[in-house]
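Q: Below: one structure in structure tokens.
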């Protein structure tokens, strides 16, 4: 599922210039983001665990458990992001079951990848 395509007509995108930090590991989280353009590094304990591109989600764990950020996100190039708050997240899960499955797959894949690296 490419979320950049699903949300292609959205407005209210957030710019993240190259080399800027979206959020840091340990920060409180109340939004997740869909990367609409550009690429970003996901960093856990100062180690890049994944580089993501358009259609990827970041910050999704905050929508599940309201805990602190588990990773730092830094733009590799200029990025545009679609912020999604908890209310919209819950609506998407209710209205689009494939969205919920996609989020669960992303979380599982990242957990397995991070476990193997650390």
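The values are calculated or read from the model by the stated rules, or taken from the named source; none is laboratory data. This structure is a prediction, so every number in the text was calculated from the model and none was measured. So basically every Cβ, Gly included, is an ideal-geometry build from the backbone, and we count neighbours across all protein chains shown.
Q: Spot the failing condition for residue 46; the list is (1) modelled with pLDDT under 95; (2) touching a strand residue (DSSP E or B) at 6+ places or on another chain (Cβ under 6 Å); (3) under 20 Å from residue 110 (Cα atoms); (4) surrounded by fewer than 20 Cβ atoms within 10 Å (Cβ to Cβ), and only one is missed.
A: Answer for residue 46: the failing condition is (2).
Q: Which one is surrounded by the most Cβ atoms within 10 Å (Cβ to Cβ), of the residues in the range 76-112 that are within 18 Å of residue 48 (Cβ to Cβ) and in contact with a strand residue (DSSP E or B) (Cβ under 8 Å, 6 or more places away or on another chain)?
A: 79
Q: So, one more: Scan the range 5-23 residue by residue and report those that are at pLDDT 95 or above and either more than 15 Å from residue 66 (Cα to Cα) or more than 14 Å from the chain's Cα centre (by Cα) (or both).
A: Within the range 5-23, 13, 14, 15, 16, 17, 18, 19, 20, 21, 22 meet the criteria.
Q: Is it the case that residue 62 is under 18 Å from residue 30 (Cα atoms), in contact with a strand residue (DSSP E or B) (Cβ under 9 Å, 6 or more places away or on another chain) and either loosely packed, with under 13 Cβ neighbours inside 10 Å or at pLDDT below 90 (or both)?
A: Here the answer is yes, as residue 62 does meet what is asked.
Q: Going through the range 24-33 one residue at a time, which ones are in a strand (DSSP E or B) and over 13 Å from the mean Cα position of the chain (by Cα)?
A: Selection gives 28 alone.
Q: Residue 115 passes all but one of (1) touching a strand residue (DSSP E or B) at 6+ places or on another chain (Cβ under 7 Å); (2) in a helix (DSSP H, G or I); (3) loosely packed, with under 14 Cβ neighbours inside 10 Å; which number fails?
A: So residue 115 meets the others, but not (1).
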